[in-house]
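The values are calculated or read from the model by the stated rules, or taken from the named source; none is laboratory data. This one's a predicted model, so the numbers in the text were calculated from it and none came from an experiment. Neighbour counts are summed over all protein chains in view; Cβ atoms, including those assigned to glycine, are modelled from backbone coordinates with ideal geometry. These area figures cover heavy atoms from the full protein model, side chains too; ligands, DNA and RNA do not enter into them. Shrake-Rupley method; radii C 1.70, N 1.55, O 1.52, S 1.80 Å.
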Amino acid sequence: MDHTLQNTQDFASDALKARAWTSILNRYREPSTARSVIEIVITALPLVALWVAMWALLHFSYWLSLLIAVPAAAFLVRLFMIQHDCGHGSFFRHRLVNDWVGRVAGVLTLTPYDFWRRTHAIHHATSGNLDLRGVGDIDTLTVEEYLARSRWGRLMYRLYRHPIVMFGIGPAYLFILQHRLPVGLMTAGWRPWLSTMATNAAIAGIVATLIWFIGLQAFLLVQLPITLLAGSVGVWLFYVQHQFEQTSWNRARAWNMHEAALQGSSHYDLPPILRWFTANIGIHHVHHLCSRVPFYRLPRVLREHPELASVGRLTLGESFRCIRLVLWDENWQRLVSFRKASRAAA
């Protein structure tokens with residue numbers, strides 16, 4: 001009884017601390033229009049230039065062209081992060097500007113902006129809640145749920161969680177095929193359909209124009225590597241932001257949004273060049289605590305509040321170990337591997 005009471009008190013204390021951080025972070029919310037415009041320019045123009053360079057190099061060496069696909073994909077990831085900030089209303093002061101910049105970016109990232117914004121808002125509102133999984137997140141079973149499945153059900157989950165599927169086949173399917181329909185909100189009215197079909201129409205127009213100018217083969221040789229690389233990197237980033245050993249998941253009765261934001265989101269401490277290309281999205285615990293902070297203000301938050309830097313910190317090297325963490329152990333309150341889950345069941 002005393003142990004249960006202590007856990008309850010600790011949880012309440014942690015939740016209050018996390019809520020207090022939200023109030024502090026509100027001071028960093030105000031975007032700079034000039035800075036936001038500059039961020040768009042230094043992201044979109046290099047992306048277009050690299051795309052053209054890839055096409056020009058096709059006539060000399062496709063291998064050289066493929067080398068350029070790497071930085072081009074990095075700039076496409078960065079453009080997605082700008083779209084992401086627009087979806088949170090944090091990139092410009094006015095919602096209308098955020099939304100139209102996000103919609104245009106969504107055409108280039110193959111992501112229907114308004115539909116994605118809605119599912120991503122659900123992700124923020126339910127992250128770490130075991131009773132509200134399934135929208136805008138990576139499917140995660142508890143150990144008990146996994147062991148209760150049939151052999152076929154376990155195999156399907158293992159395939160879903162395999163790195164080749166998760167970071168290879170999955171991203172290609174997500175951005176090229178799944179985003180062409182409002183999957184997850186198919187019966188949620190006309191708005192998700194309008195967002196998806198309008199984005200599809202804009203994509204079709206751009207693709208048709210480029211194919212008319214340079215041909216189908218050249219278009220595919222340039223665009224496919226960029227899309228596949230950027231998609232894989234994007235899914236990887238989203239994965240390590242919540243799929244790390246000491247993350248936080250709780251049933252609804254014990255779940256607190258602020259605590260889940262602080263403890264359930266990682267601080268992916270990347271090298272400076274990768275931090276720039278990923279638009280500081282690695283400072284994800286701060287982002288979840290206050291999603292209205294523009295990405296270019298997140299480093300300032302850590303400089304002025306260094307105590308946040310150690311919360312959920314993952315280095316680049318440490319992050320690769322997260323691949324094997326696939327099941328949530330409700331007893332130990334951590335993510336575990338299939339092997340550990342099997343041992344516990346034996």
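Numbers below:
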read-out	value
Net charge dipole size for the chain [Lys, Arg +1 and Asp, Glu -1 on Cβ; Debye, nearest 20]	240
Highest-MSF residue in the chain out of ILE203, ILE214, ILE169 [GNM, Cα springs under 10 Å]	ILE214
FRET E, pair ALA34, MET186, Förster distance 56 Å, beta-carbon r, rounded to 0.05	0.85
Estimated dipole of the stretch 75-234 in Debye, rounded to 20 [Cβ of Lys and Arg +1, of Asp and Glu -1, Cα centre]	80
Choice from ALA148, ALA121, ALA53 showing the highest fluctuation, given a GNM over the chain with Cα pairs closer than 10 Å	ALA148
Charge dipole of the chain about the Cα centre (unit charges at C-beta), most positive-ward option of ALA73, CYS322, HIS88	ALA73
Stokes-Einstein translational diffusion, the chain - Kirkwood Rh over all Cα pairs, 1.567 mPa s, 4 °C, in µm²/s	60
Normalised contact order of the stretch 121-270, rounded percent, pairs of Cα under 8 Å and 6 or more residues apart	35
Leading residue at positive end of dipole, the chain (Cβ point charges), from GLY170, THR140, LEU224	LEU224
Extension reserve of the LEU194-ARG253 stretch, reckoned as 0.36 nm per residue once the Cα distance is removed	17.6 nm
The chain: angle of helix 62-87 to the longest principal axis, Cα-based, in degrees nearest 10	60
Protection-proxy order for peptides 37-49, 242-254, each taking the mean of Cβ atoms within 10 Å per residue, highest first	242-254, 37-49
The stretch 206-339 - percent of accessible surface contributed by carbon and sulfur, probe 1.4 Å	60
Note, ³J(HN,Hα) from phi for the stretch 41-48, Karplus 6.51, -1.76, 1.60, rounded to Hz, x at Gly and Pro	5, 6, 9, 6, 5, x, 4, 5
Percent accessible area from carbon and sulfur atoms, the stretch 42-144, protein chains only, probe 1.4 Å	73
Spin-label model distance (nm) - GLU304 vs ARG19, 7 Å beyond Cα toward Cβ	2.3
Difference of contour (0.36 nm per residue) and Cα-Cα distance, ARG93 to ILE273	62.0 nm
Å² per residue, accessible surface of the chain at 1.4 Å	51
Label point distance in nm, TRP100-LEU216, each placed 7 Å from Cα along Cα→Cβ	3.6
Residues LEU58 and HIS124, FRET efficiency given R0 of 45 Å [Cβ-Cβ distance, rounded to 0.05]	0.60
VAL135 versus GLN178: modelled label distance in nm, points set 7 Å from Cα along the beta carbon direction	1.6
Fraction of antiparallel bridges per DSSP, the chain only, in percent to nearest 5	40
C-alpha long axis of helix 151-161 to longest principal axis of the chain, angle in °	60
Percentage relative contact order, the chain, counting C-alpha pairs under 8 Å, at least six apart	23
Net charge, ASP131 excluded, C-beta distance under 10 Å - Lys, Arg +1, Asp, Glu -1	+3
Mean Cα-pair separation over length for the stretch 266-313, i.e. relative contact order, pairs under 8 Å, 6 or more apart, %	45
For the stretch 255-321, alpha-carbon Rg relative to the globular expectation (2.2 N^0.38 Å, N residues)	1.05
Point-charge dipole on Cβ atoms (K/R +1, D/E -1) for the stretch 13-71, about Cα centre, debye to 20	280
Within a Gaussian network of the chain (alpha carbon springs, distance under 10 Å), most fluctuating of TRP190, TRP55, TRP276	TRP190
